[in-house]
Amino acid sequence: MEELVELTIDGKEIEVPAGMNLIDAAERAGIHIPNLCYLKGMKGIGACRLCLVEIQGLKAPVIACNTKVKDGMIVNTKTDKVQEVRKFVIDLILSMHPLDCMTCTKAGKCNLQKYAYDFELKESSFTRKKFGYPTDAANPFIMRDPDYCILCGRCARVCNEQGTNVLEFMGRGVDSRVITANDKPLQESGCTFCGSCVDACPVNALLESDRLRKGREWDYKEINSVCLLCGNGCDITVSTKDGVIRKINAGAEAGSAEKYICAYGRFGFDCIEAETRLTVPMKRVNGELKDTDWQDALAIVSEKLKQAGKEAGFISVAGIGNEDALTLKKLARDVVRTKNFDTTLSLYADSESLRNSQAANIDNADLILLVGLDPSQWKRVLPALDAAVRRRAGRGAKLIVVNSSETKIEEAATISLKGDEISILESIAKALTEKGIKADRRLVSSVKNAGITEPVEKAADLISGARSPLIFSSPALFNASANIALLKGKVISVGLESNARGIALMGLTTEGKTYREMINSRMKVLYAVGEVPMVKRPDADFLIVQNSHMTELAKQADVVLPSATFLESAGTMVDYMGRMKYLPKVIEPQGESKSHREIFTGISKLMGTPLKKVTEAEVGKAAKVKTKPAFSSFVKQEGLDVSPQELIESVNASVINGSRLLWLKETEKAIAV
Amino acid sequence: MANNRCSVLVCQGTGCVSGGSEHIYNALKDELESSGHDEGISVKRTGCHGFCQQGPMIVVEPRGVFYTKVKTDDVPDIIKSVLPGGKSLDRLFYRDPVSEKAVTHYHDIPFYIKQERTILKYCGYIDPEEINDYTEIGGYAALRKAITWMTPEGVITEVKNSGIRGLGGAGFPAGRKWESCRNAPGDVKYVVCNADEGDPGAFQDRSVMEGNPHSVIEGMIIAAYAIGADKGFIYVRAEYPLAVNRLKTAIEQARQEGLLGDNILDSDFSFDMEIFQGAGAFVCGESTALVRSIEGKRGMPKAMPRPRTTEEGLWNKPTLLNNVKTFANIPLIITNGAGWFARRGTEKSKGTAVFSLTGKVVNCGLIEVPMGATLRKIIYDIGGGIPGGKSLKAVQTGGPSGGCLPAEMIDIPVDFDSLAEAGSIMGSGGLVVMDEGTCMVDVARYFLDFNRRESCGQCIPCRLGTRQMFEILDDITKGKGRPGDIDLLDRLSKSIKRSSICGLGKTAPNPVITTLRYFRDEYDAHIRDMRCPAGVCSMK
């Protein structure tokens, strides 16, 4: 139980957890303490001076962002004294800030505008001046306009905390500025274009590049959803206007280490209207793909599937929703009656590890153990995990990295253990048991020959001393990692695709041929769902590709079925942390494209066994796992060695090539040369 | 020194060096050598003598013959003068500005007589690049005493009893600071010397480091012993190359003598230090900004509430941060006892104060007086009064964070509390004398310009508020003052003081506050009558 503290804020008595700062505490009481530099989750720096409040018994006002609650504290947030300071500060900021709210894109969401309104400041009472700095608009993602900058430092702090370290202050006094190293454009400064700085900016200094005259903030409809582009499955907030997506922001709760999305998640939505977008079904006529209608296309598909029967095979990506996965499984098993259905998950994970993976909250972890994982914001491999781990480390959690190869994340590690992961885990397990942690007899005997080095000993000290250690493991090393969790902490198997865990739970794992076997053998019909990582047509008699975009593989297909993207279809997924997440239909599907399961159901109807709509209860039941953690040998699963970066880039090829991300890819390539 | 018949001490403080004293030193050496007269005569470099206005300076010991404004051409004559039968050089003597009489000896010059030089005592006497010179005058005896005979607690008690207050400007009782740092939990602790002297016109820390670097180092080692630190840093501005070099030499010599490093003086106590060169940001003199700067971060102060640096300083470890002069006093306190130290000064401000006396005063230079000496004594007795028969108008103490006191207040004692009461501060030791020809609005403008440029930029009141203040002052000095400007300045001053993060911001309006308090009529004259009473501002 967390310890609670009772205090009074503006006459309201509230009870909040000990250790909370006054801004957060007041928020719980529904009281907003003005601030411009505070970032929930990070230590307050008190630079903007707006959050000054008065505490009974203290002579001078204190900053609420960095003052912790105390039992019996009586806080006044709106005394004349502090209101006067606030007004003074806003007045001063306005002396250097453009007063163009009528055309400013940030209007409506601008904190400065809000406070100017609150304090009835039409303009500054002081003499006005402009910085006159040039705008950095040399990239298609983020526009930096230093003329609007109020130097709150949020962008720089967010950037530094997550480990990207692109933005920093330069200069003194009024000449202070936020710049990149050597004042280079963002793309030459190691920027990953995640846009965390955009989310943090309280004014119009950092903005998505394409927002100009695409609607005001109050025109937007904000919809919470989930990004399905990689194994992190980040929460997103999508803003739409007139049924068109205008921007996507990080959607996780403020203050969480997980409040992050990468450039794919933030800017990949361009691809919805890419030239390669499929809007009508196609079939091959005289060697050429021609548009057709759904009735025709589905008739061909169902006929072919009927003929193939158990010699048909279904392959899918693991970035489809639970409902799609369940429907696909039923189509294959119950309608087409084939045991051959598998996903890309089998390239990097065994479904067992994902089913046994536990649920956890990274914000509670005071120690993180990364086993065999190489998350990287720069390679965009599990970038949100990379950012979250670095943030947790920055906020005081210990980080232990176990890997046989070099990783970038180890720069943030308390201890980095290099070498064969299995041996290291055995050593850690032994060291932990020697610290008196009770263990399964089999576990003890299986590690009895392990040697303990000094760093391992230190790591074991940290683990045994931690309150809630959290182990993130590559699926191939899950069993060994789970053995550590038997001793202490929780363990998560991290898949590379967003719904890897959901796919495993829904049971979309083959009972016949595996993914690899299907593409390497001659199937009568091969039905590929989503952007499967394949460029060359496999040796199948008949190839069906169901995807949102025209791909190299689709070009070689016999039938192409246009599917909706994850932003155009409702559903659920289970993220790597074990949370069931709901995805609403944010916008209508382009053209005639349909959700995966609509297409599957359509086929089932034509095949005479109409599938019923998958219910919430059905998904919920499948997602419930009742396995008891148990010891299993310290062995690495073989054959799961696909390159994470290649896989993620392949399954997102259309997103990258059909959006401004292509510019990024090419620019990064050019810079790397 | 003992075997020499006579020593020619050539001042090598920054002031004299820029006057060519390095050439003079070399010429003296060469000349002596080539003439074969070098037996029994030694030529030595020393740190600043303090009387910078009269530089380059040479003192011939043991008699203390004092030569001023020496040129390289004077070298042959100086040598002749120190040879047997040689006569002192009348033309190089200091002349009393009133009687125009020559004063032949160092000890007879009013500038020196009226001072009580304690930490400056050996600046100008010993060779700062020779550790033996320092040990000969009793250097490192305090360290030996502390390590051999005293417990760390005993050292702290001695420092506490002396009543010494931090000489960086704020005047926090040093002993209490040491004690809280010793009591702060943690295995790793640091001692940091703040030598980021940033006030325009102040050079007292520099002179101590240049003239007697070992005294600072010894003070730091004793502090480290007392609080239990094994690592120290001297944070010096990179603009002080001479101080940096002398400290480097001194640290190296101390290491070779076993005074720094492992098992100092064969005890269990180990301590070493290094020099960290600051990039010349004024704000880095603030403790938390200085700490961040050493950590490799941008020097920006931390907002209150925050742990004290003694609890969470460098890399979040307990850190003792004191000024150069505070550390230089420590060996004296340990050697002579707390009582000796406490005898000087006032009830609440013990010991001496070192000032860089500059501006419109006859004798500019580096001076040391007991705490509580009056401004009158400093300006007239030591400083020799105002040149050109003009009258005193104001005295500025405490640098850009300090204030201007009017001539009427010339009899207030100079100590931490009296100055604060008068609206100024002790600061780290700048003292600028202003005569009737000084425009106080222009002075305020000058200091505000400095403060706005040196704001770290972090908090809005300081960053943007000082800009507003500067621009109003700039307008006033250009004849563009408006009615209401004074109220606005007053409002800005109060708001900035109330709402800024750090000491720099909170004191940034001080030059305006005190000039408004004591010289408001000058502001009125500028704004209302479009007239600069001192005739400084061109009121176009």
Helix A:661-672 axis, angle to chain A major axis (alpha carbon atoms, nearest 10°): 80
DSSP-loop GluC sites (Glu not before Pro) across segment B:310-371, with at most 13 other Cβ within 10 angstrom: B:E347
For segment A:110-273, diffusion coefficient by Stokes-Einstein and Kirkwood Rh (Cα), 10 °C, 1.306 mPa s, µm²/s: 93
Cα shape, chain A, gyration tensor, a/c 1.5 rule: oblate
Assigned charges on the beta-carbon of Lys, Arg, Asp, Glu; chain A dipole about Cα centre (debye): 740
For segment B:289-306, Karplus couplings with θ = phi - 60° (6.51, -1.76, 1.60), whole Hz, Gly/Pro x: 5, 4, 4, 4, 5, 5, 6, x, 9, 5, x, 10, x, 8, 7, 6, x, 8
Positive dipole terminus of the protein assembly as shown, leading residue within A:A156, B:A170, A:V285 (C-beta point charges): A:V285
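Given a Förster distance of 35 angstrom, what is the FRET efficiency for B:R63 paired with B:R343, based on the Cβ-Cβ distance and rounded to 0.05?
Working: r = 30 Å, r/R0 = 0.85.
Using R0 = 35 Å, I get an efficiency of 0.70.
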Helix-only CD estimate at 222 nm, as mean residue ellipticity for chain A, using -39500 (n - 2.57) per DSSP H run (n ≥ 4): -8000 deg cm²/dmol
For segment A:597-673 and segment B:390-447, distance of Cα centres in Å: 74
Whole-Å distance, taken between Cα centres, linking segment A:499-571 and segment A:184-221: 35
Simple spin-label estimate for B:V536 and B:D77 in nanometres, 7 Å along Cα-Cβ: 3.8
Crossing angle, helix A:454-465 versus chain A [Cα axis fit, 0-90 degrees, rounded to tens]: 80
Most positive-pole-ward Cα, B:N510, A:I9, A:G171, against dipole of the protein assembly as shown from beta carbon charges: A:I9
Selection from A:L370, B:N161, B:A141, by position along the positive dipole direction of the protein assembly as shown (Cβ): A:L370
Nonlocal amide H pairs with B:M273, under 5 Å, H built at 1.01 Å: B:G232
Dipole magnitude of the protein assembly as shown about its Cα centre (Cβ charges: Lys, Arg +1; Asp, Glu -1), debye to nearest 20: 2580
Whether chain B is rounded, prolate or oblate, judged on the alpha carbon gyration tensor where a/c under 1.5 counts as rounded: oblate
Tilt relative to chain A, helix A:421-434 - C-alpha long axis, 0 to 90 degrees, to 10: 60
Helical mean residue ellipticity (222 nm; -39500 (n - 2.57) per DSSP H run of 4+; nearest 500) of chain B: -11500 deg cm²/dmol
DSSP-loop trypsin sites (Lys or Arg not before Pro) across segment A:393-463, with at most 12 other Cβ within 10 angstrom: A:K438, A:K448
Exposure proxy order (Cβ contacts within 10 Å, fewest to most) of B:F341, B:F172: B:F172, B:F341
A:L206 long-range amide H proximity, modeled H, under 5 Å: A:D145
Spatial separation of Cα centroids for segment B:164-223 and segment A:330-363, in angstrom: 66
Pairwise label distance in nanometres, A:V625 with A:M170, each label 7 Å out on the Cα-Cβ vector: 4.9
Proximal aspartates and glutamates to A:K536, defined as alpha-carbon separation beneath 14 angstrom and excluding residues fewer than eight positions away on the same chain: A:E552, A:D558
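Tell me whether the protein assembly as shown comes out rounded, prolate or oblate; compute the Cα gyration tensor, take square roots of the eigenvalues as a ≥ b ≥ c, and use a/c under 1.5 as the rounded threshold.
Working: a/c = 2.74, a/b = 2.03, b/c = 1.35.
Here the protein assembly as shown falls in the prolate category.
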B:R165 long-range amide H proximity, modeled H, under 5 Å: B:A174, B:K350
Low-density loop positions, GluC sites (Glu not before Pro), segment A:1-97 - DSSP coil, at most 16 other Cβ in 10 Å: A:E2, A:E3
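Could you compute the FRET efficiency for B:T151 and B:Q256, with r as their C-beta to C-beta distance and R0 at 35 Å, rounded to 0.05?
Details: r = 28 Å, r/R0 = 0.79.
Plugging the Cβ-Cβ distance into 1/(1 + (r/R0)^6) gives 0.80.
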Length gained when the stretch A:E15-A:K130 is fully extended (0.36 nm per residue, less Cα-Cα span): 36.9 nm
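Multiplying the sequence separation of A:K669 and A:K70 by 0.36 nm and subtracting their Cα-Cα distance, what value in nm do you get?
Working: separation 599, 0.36 × 599 = 215.64 nm, distance 5.34 nm.
In short, 210.3 nm is gained.
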Nearest-0.05 FRET efficiency for A:K585 and A:K605, computed from C-beta distance (R0 25 Å): 0.70
Rounded to the nearest 20 debye, dipole of segment B:352-435 from Cβ charges on Lys, Arg, Asp, Glu: 320
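Just rank B:Y25, A:Y582, B:Y446, B:Y112, fewest to most, by other beta-carbon atoms within 10 angstrom. Can you show the working numbers first?
On the way: B:Y25 25, A:Y582 13, B:Y446 18, B:Y112 22.
Placing the least packed residue first, the sequence is A:Y582, B:Y446, B:Y112, B:Y25.
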Eligible lysines near A:K628 by straight Cα distance, threshold 19 Å, same-chain separation 8 or greater: A:K438, A:K488, A:K490
Whole-Hz couplings from phi, Karplus 6.51/-1.76/1.60, listed for segment B:206-220; x for Gly and Pro: 4, 5, 5, 5, 6, x, 8, x, 5, 5, 5, 5, 4, x, 5
Contour minus Cα-Cα distance for B:D529 and B:M304 (0.36 nm per residue): 76.6 nm
In Hz, Karplus ³J(HN,Hα) per residue of segment A:382-391 (6.51, -1.76, 1.60; θ = phi - 60°; x = Gly, Pro): 6, x, 5, 5, 4, 5, 5, 5, 5, 5
Partners for A:K624 among aspartates and glutamates (Cα-Cα distance below 17 Å; same-chain residues under 8 apart left out): A:E323, A:E352, A:D575, A:E616
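Since every read-out is calculated from the coordinates, none of them should be taken as a lab result. Keep in mind the model is a prediction, meaning the values are calculated, not measured. Glycine gets a Cβ as well: all are built from the backbone with ideal geometry, and neighbour counts include every protein chain shown.
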